[in-house]
Amino acid sequence: MFRLRLLAATAAMALATGIAGAQELVIGADVDAGTLDPRLARDTTAYRSVNLIYSGLVHLTSDLEPVPDLAESWESPDPKTLVFTLREGLTFSDGSALTAEDVVFTFETILNPDFSAPQRGLFTPIESVEAVDERTVRFNLASPYAPLLSYLDMGIVPSDYDGDLSTDPVGAGPMVLSNWSRGSEIVFSASDSYWAGAPAVKEVTLRIVGDNAARAQAFEAGDLDVIQSPLSPGDIKRLAADESFNSNLAAGLGVTYLNMNTSKPLLADPAMRRAFAMLVDQSTIVNAIYEGVDEVANSIILPSSWAYDASITQPTFDPEGAKAAFAELGWSDSDGDGVLDREGQKLSITLSTHSEDPNRIQAVEFLQATMQQAGIDAQVQISDWPSFSTGYVQKGEHEIALLGWLNIVDPDRLTYNQLTTGAGLNWGGYSNAEVDKLLEEGRTALDQDARTQAYQKAAAIIATEVPYYIISYQGYHLFYKKDMPADVTANPRGTFRGMIGMPG
Amino acid sequence: MADTKLRARRFRLPRRLRNAALLIGAAISSTIILLAVFAPFLATHDLAAMDMVNRFSGPSVEHLLGTDNFGRDIWSRLIYGARISLTIAIIAVVCSAIIGTIVGLVSGYFGGWVDLLLMRLTDIFLGFPPLLLVLAVVAVLGPGLFNVAASLVVVSWTEYARVVRSTTLSLREQNYVQAARALGASPWRILLREILPNSLGPITVLASLGLGTAIVWESALSFLGFGLPPPAPTWGWSLSYGTRFIRDEPWLSVVSGAAIMVTVLGFNLLGDGLRDVLDPRHKNRG
Amino acid sequence: MTAYVIRRLLLFVPMAIGIVIVTFCLLLLIPGDPAAVLLGQEATPEAIATLRRTLGLDQPAYIQLFIYFGNVVQGDLGQSIFQNAPVSEIILGRIGATLELAIVALTMSAAIGITLGVIAAMRPGGIVDASAMVLAQLGISMPVYWLALLLMLAFAVMLGWLPAIGRGEPLLSAFGMAIAGNPAPLLDSLSHIALPAASLAVNSAAIISRLVRASMLEVLNEDFVRTARAKGVRRRQVIWKHALRNALLPVISVIGLRFGALLGGAILTETIFAWPGLGQLTIAAISQRDLPLIQGIVLTFAMIFATVTLIVDLLYAVVDPRIRLK
């Protein structure tokens, strides 16, 4: 008797959840959001979460095209000015009106050094922001700044909110925060105040599973409806081949690269860096270690970018050529111990990476073996991310470090702050006046052809001088169950709007 | 009459079992140690020889235990890995034993506020979650064989301190110790001559069990990326890579996990057996 | 007894102070800047410096330590750098999950361990005894995280019987719901906790089973047992009524110590099974260098450890009147 009741109860529950389930989505994430304030976001989950809760002036499509979001149109009366017209009747999720004041407030706080916005560096060319009237915002730039439009999907925050946006966000996006169980899950529900209407999916649960293998297993077991990069290559291959899931494998917006510290005497000469670069077997690393889920790179410009040029080439894998190059620079094995030396000094180098990514560890181990074979005394140093990045690479103490960059929506993002002389992210101390000039041009020219020219020329120089050796272009891999509540538009930034029935 | 028969029937086989533990444990342990010591002669391939075409191949004539994710010979790397694991384990255990024994002897013999202080110190180390402490020490000291061993010492010395302290406390009251005191022998002499030799039993048992623990710890550290840097052929790295590939290529994980398990088993059995032989009070305590 | 308890609690204070100081020193020495980690790779050095000033990280070590102690005695464990919430709140929110996992694992290991140990002790030297002890040895020798991954692979992925990750409704409230007539959340919670608890339990179960067996064997040989046998009491009754109760005394102490070990072992298991407890939080906090949070977690673990050992010692004294508390 009891068992019958139990069965009936379970069946009823299943039916109920089944019905509700049609409009719910469970997405797997690898890290918890650090904050839900778009101005302070710096991890991928935070970006994607604030992308649901807030809206920006523009929205970037999967082709990285800015299309109107909160702003219905914009114009540039002169190269140093950008004027946006907001839509009519915009409101935040708490009912308050969204006006130009809020836009001004958002960017003024970002630009304020004491606010410590992680992405302030992307907005520094902005001199001031002003509200011309309730629906018009004007950006005054210190110099023309072409990439700005692609950064203006920054979520707009209310200017008169006394709560803490990091934990109680109020935005004008398609969804609102429903519940946040730290380290465990974030639940969003559809907002009824989004200007384009409510999304098809009524509830999104973001479940945090740090371990990539565990996340893939949870997806296969049906506990998650959607998962995306980062995933282990083995899981990617297996899931892609599995007919019971849908997948979208595309070019991503990240790179895996070697950061060569040009301030170290051994690596100061571009010829040395080129010689080392000739020992990087990109093909094996990408196809064996990464199992082909990424692409071999040829330059610092991504294939997803309008500036891409397939004809630019970095040094390719050539052990003989490397040996000859080292010999030319005076390195030979004079004492027969298998290690190249010059004036009594052994050719030693330290390869480093961080411990959280097993593919990078394998890549470094593989590089070490290749270099060892070529007669270089190569050592490996592995530490966890904070040690590696903040305590080592960012202090310019590394020699050759393997790491990556993400979110490269514009070529400027991977070049200006990293490779111009004295720039904040130029940890390897690279300096080339010609490159400085070209990158400045690329940033300030407003005509895309002119920008393309500048970036391609800069990329060619960088490919010869190799302060950065780009190993691979990261792929973006999305897997989702067969019966999704809405059509899926994949976006290489991994944002979720395309999964809830909104234009991706 | 019936009593002894009863007792004899009950405990004849267990004693054989106990000795079996000692024998099997000793056999396994010595095999592993021999493999480690003679690794250069027993290895069939160069440790660093990568062969990306033949990754994850199973056991074959050419590769006794197959190849790993880089196509390197698993057998050769495992026996060299035994060297590393055993070296770290032995250093860790010896240092823990020395430090812990000194603390335990002093604490147990002198008592009073020395005891209080030392026991509070022990409590401090015990109150830390061990993984945290190990990670912290390795992070501070940096990578390296001795640093990994040092981090293990930090979490294991307290065991020895406690055990030695309790044996010291009980031995302190023994007649011959009292006699030596009465004769005016210095505390250090008493400690070294009378008390320490009688504590060696439990210390040896702890040490043998501690070897197994140290090996598991070392593999956990490598698993988290904090152990010896590659390309060191530690068991931890093999297991770490193995578990990453566990879905599609489980062999590497199975064989490295098994290596660790068998070795730890061997040392545990040895410890058990030694416990019965050296410390009759603990004969049946398992 | 009360004097003993008070004395033990007082002794906790120097231990806590010692732990805080040691943690502080370790954290200061570990490379890695939480401000830089917080702001990410794209932040400028100026932004990082500003944040360090805001967080008070640029002050000399002894001042930071002083401030921290001052706050702790007022009950304020500080603010998490990464989570924008008080450390005490974060820990309290997570501790339930870890305690739940540890208690369930402990219960499982006690049940399995005691049963196995008793069965083995019933016919010492026999096949059952030998196989049980071999199993126990294997259980002790297996690395926990390896076991966890194997279990997940077998039961969650290949067989699909149990969920791979996460936690259901907290067991206490799930029980409440079941009693109120809705058993579904309870079944869900149990299915989620099964694998993580099992991975943790194996090691402790093995240790407990060996101890129970040894303890039983020793007790079975003692006078009062033989007296009972001589009086004609049946063997089974002897085992369960007399021997077990006495044999369990040393086991209680070990169970208590295993609880501490389980809490420590939970760190890796929680990460693998995405169990939202303190262990997972610890790994996250360390990998971000969230100093106040790490400090808070260390103190919490120390407190739990001290409490558990105190309870075990008290329990021991209550159960065995021969023990006198010093």
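The values are calculated or read from the model by the stated rules, or taken from the named source; none is laboratory data. These numbers were taken from a predicted model, which means no experiment stands behind them. Reconstructed Cβ throughout: ideal geometry from the backbone, glycine too, with neighbour counts over all protein chains shown. Only protein heavy atoms, including side chains, enter the accessible area calculation; ligands, DNA and RNA are left aside. Shrake-Rupley method; radii C 1.70, N 1.55, O 1.52, S 1.80 Å.
Within region C:118-131, the set of residues being surrounded by fewer than 22 Cβ atoms within 10 Å (Cβ to Cβ), touching a helix residue (DSSP H, G or I) at 6+ places or on another chain (Cβ under 7 Å) and more than 8 Å from chain B (Cβ to nearest Cβ) comprises C:VAL118, C:ILE119, C:MET122, C:ARG123, C:VAL128.
Cβ-Cβ contacts under 8 Å between residues 6 or more apart (or on different chains), taken from a first residue in region B:30-48 that is touching a residue at least 60 places away in the same chain (Cβ under 8 Å) to a second residue that is of a type in the set (Gly, Ala, Ser) and surrounded by 14 or more Cβ atoms within 10 Å (Cβ to Cβ), are listed as B:THR31/B:GLY266; B:ILE32/B:ALA82; B:ILE32/B:GLY266; B:LEU47/B:SER76; B:ALA48/A:ALA369. Only strands (runs of 3 or more DSSP E) whose full extent lies in region A:110-194 are considered here, and the ones with at least 3 residues that are within 14 Å of chain C (Cβ to nearest Cβ) are A:175-181, A:185-190.
Taken together, the residues in region A:195-222 that are buried (at least 21 other Cβ atoms within 10 Å of the Cβ) and away from every other protein chain (no Cβ under 14 Å) amount to 3. If you check every pair at least six apart or on different chains, which have Cβ atoms under 7 Å apart with a residue in region C:164-183 that is open to solvent by 40 Å² or more (accessible area, probe 1.4 Å) first and a residue that is among the acidic types (Asp, Glu) second? Sorted first by the residue in region C:164-183, then by its partner, the pairs are C:GLU169/C:ASP188; C:PRO170/C:GLU100. Going through (1) in a helix (DSSP H, G or I); (2) farther than 25 Å from C:LEU11 by Cβ; (3) not small (Gly, Ala, Ser) one by one, B:ASP123 falls short only on (2). Among the residues of region A:81-92, are any open to solvent by less than 70 Å² (accessible area, probe 1.4 Å) and either touching a helix residue (DSSP H, G or I) at 6+ places or on another chain (Cβ under 7 Å) or within 14 Å of another protein chain (Cβ to nearest Cβ) (or both)? Yes: region A:81-92 contains one or more residues that are open to solvent by less than 70 Å² (accessible area, probe 1.4 Å) and either touching a helix residue (DSSP H, G or I) at 6+ places or on another chain (Cβ under 7 Å) or within 14 Å of another protein chain (Cβ to nearest Cβ) (or both).
Can you go through A:ILE361, A:ILE349, A:ILE382 and tell me which one is open to solvent by less than 60 Å² (accessible area, probe 1.4 Å), within 30 Å of A:ASN212 (Cβ to Cβ) and within 22 Å of the chain's Cα centre (by Cα)? Outline the logic, then answer.
Values: A:ILE349 fails: within 22 Å of the chain's Cα centre (by Cα); A:ILE382 fails: within 22 Å of the chain's Cα centre (by Cα).
Being open to solvent by less than 60 Å² (accessible area, probe 1.4 Å), within 30 Å of A:ASN212 (Cβ to Cβ) and within 22 Å of the chain's Cα centre (by Cα) holds for just one of A:ILE361, A:ILE349, A:ILE382, which is A:ILE361.
Screening the candidates B:ILE98, B:ILE90, B:ILE32, B:ILE124 for the property of being at pLDDT 90 or above and within 14 Å of chain C (Cβ to nearest Cβ) yields one hit, B:ILE32. Within region C:68-117, restricting attention to residues that are more than 25 Å from the chain's Cα centre (by Cα) and of a type in the set (Val, Ile, Thr), the residue that is least open to solvent (accessible area, probe 1.4 Å) is C:ILE81. Within region A:23-57, the set of residues being more than 13 Å from chain C (Cβ to nearest Cβ) and either open to solvent by 20 Å² or more (accessible area, probe 1.4 Å) or in a loop (DSSP other than H, G, I, E, B) (or both) comprises A:GLN23, A:GLU24, A:PRO38, A:ARG48, A:ASN51, A:TYR54, A:SER55, A:GLY56, A:LEU57.
Scan region B:236-251 and tell me whether some residue there is more than 10 Å from every other protein chain (Cβ to nearest Cβ), over 26 Å from A:GLN372 (Cα atoms) and open to solvent by 10 Å² or more (accessible area, probe 1.4 Å).
Of region B:236-251, the ones more than 10 Å from every other protein chain (Cβ to nearest Cβ) are B:238, B:251.
Right, trim to over 26 Å from A:GLN372 (Cα atoms) and you get B:251.
Next, only the ones that are open to solvent by 10 Å² or more (accessible area, probe 1.4 Å) stay: B:251.
Yes, region B:236-251 has at least one match.
Any residue in region A:339-355 that is small (Gly, Ala, Ser) and assigned to a loop (DSSP other than H, G, I, E, B)?
Keep residues of region A:339-355 that are small (Gly, Ala, Ser), which gives A:344, A:348, A:352, A:355.
The next check asks that each one be assigned to a loop (DSSP other than H, G, I, E, B); those that pass are A:344, A:355.
For region A:339-355, residues small (Gly, Ala, Ser) and assigned to a loop (DSSP other than H, G, I, E, B): present.
Filter region A:451-489 for residues that are assigned to a loop (DSSP other than H, G, I, E, B) and open to solvent by 10 Å² or more (accessible area, probe 1.4 Å); which is farthest from A:LEU438 (Cα to Cα)?
Start the filter on region A:451-489 by keeping residues that are assigned to a loop (DSSP other than H, G, I, E, B), which leaves A:466-467, A:482-489.
Still in the list and also open to solvent by 10 Å² or more (accessible area, probe 1.4 Å): A:482-489.
Working: A:LYS482: 47, A:ASP483: 49, A:MET484: 46, A:PRO485: 47, A:ALA486: 44, A:ASP487: 42, A:VAL488: 39, A:THR489: 36 Å.
Checking each candidate, the answer is A:ASP483.
Restricting to region C:48-67, give me the number of residues that are more than 13 Å from chain A (Cβ to nearest Cβ) and either in contact (Cβ under 8 Å) with a residue 24 or more places away in the chain or open to solvent by 50 Å² or more (accessible area, probe 1.4 Å) (or both). Final tally of qualifying residues: 10. Those helices (runs of 4 or more DSSP H) of region C:211-326 in which 1 or more residues are open to solvent by less than 50 Å² (accessible area, probe 1.4 Å), farther than 16 Å from C:ALA110 by Cβ and modelled with pLDDT under 80 occupy C:223-231, C:244-273, C:291-319.
When the criteria are applied in full, A:THR370 fails the requirement of being touching a His at 6+ places or on another chain (Cβ under 9 Å), surrounded by fewer than 23 Cβ atoms within 10 Å (Cβ to Cβ) and either more than 14 Å from chain B (Cβ to nearest Cβ) or not in a loop (DSSP other than H, G, I, E, B) (or both).
Each row is one residue, and each column tells you yes or no for (1) touching a helix residue (DSSP H, G or I) at 6+ places or on another chain (Cβ under 9 Å); (2) farther than 29 Å from B:ASN69 by Cβ; (3) of a type in the set (A, V, I, L, M, F, W, C).
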| residue | (1), (2), (3) |
| --- | --- |
| A:ALA374 | yes, no, yes |
| A:ASN407 | yes, yes, no |
| A:GLY428 | yes, yes, no |
| A:ALA433 | no, yes, yes |
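Among the conditions (1) of a type in the set (Ser, Thr, Tyr); (2) over 27 Å from the mean Cα position of the chain (by Cα); (3) at pLDDT 80 or above, the only one that B:SER186 does not satisfy is (3).
Counting the residues of region A:349-386 that are modelled with pLDDT under 90 and polar (S, T, N, Q) gives 2. Tell me which residues, restricted to region C:31-47, are open to solvent by 20 Å² or more (accessible area, probe 1.4 Å) and touching a residue at least 12 places away in the same chain (Cβ under 8 Å). Residues satisfying the conditions are C:GLY32, C:ASP33, C:LEU38.
Here B:SER85 clears all of (1) surrounded by 21 or more Cβ atoms within 10 Å (Cβ to Cβ); (2) of a type in the set (S, T, N, Q); (3) not in a helix (DSSP H, G or I) except the condition numbered (3). Taken over region B:139-148, the criterion of being among the hydrophobic types (A, V, I, L, M, F, W, C) and either outside any helix (DSSP H, G or I) or surrounded by fewer than 23 Cβ atoms within 10 Å (Cβ to Cβ) (or both) is satisfied by B:VAL140, B:LEU141, B:LEU145, B:PHE146.
Scanning for something among the small types (Gly, Ala, Ser) and outside any loop (DSSP other than H, G, I, E, B), does region A:408-431 turn up at least one residue?
We begin by selecting, within region A:408-431, every residue among the small types (Gly, Ala, Ser); these are A:422-424, A:428-429, A:431.
From what is left, the residues that are outside any loop (DSSP other than H, G, I, E, B) are none.
Checked against the condition, which is being among the small types (Gly, Ala, Ser) and outside any loop (DSSP other than H, G, I, E, B), region A:408-431 yields no hits at all.
A search for C-beta distances below 8 Å between a residue of region B:201-221 that is open to solvent by 30 Å² or more (accessible area, probe 1.4 Å) and any residue that is of a type in the set (Val, Ile, Thr), counting only pairs 6+ apart in sequence or on different chains, returns B:THR213/B:VAL264; B:VAL216/B:ILE260; B:VAL216/B:VAL264; B:TRP217/B:VAL134; B:TRP217/B:VAL155.
Scanning region A:404-446 for residues that are within 13 Å of chain C (Cβ to nearest Cβ), farther than 17 Å from A:LEU122 by Cα and of a type outside the set (Phe, Trp, Tyr) turns up just one, A:GLY404.
Of all the criteria given as (1) open to solvent by less than 50 Å² (accessible area, probe 1.4 Å); (2) within 13 Å of C:ARG210 (Cα to Cα), the one not satisfied by C:LEU153 is (2).
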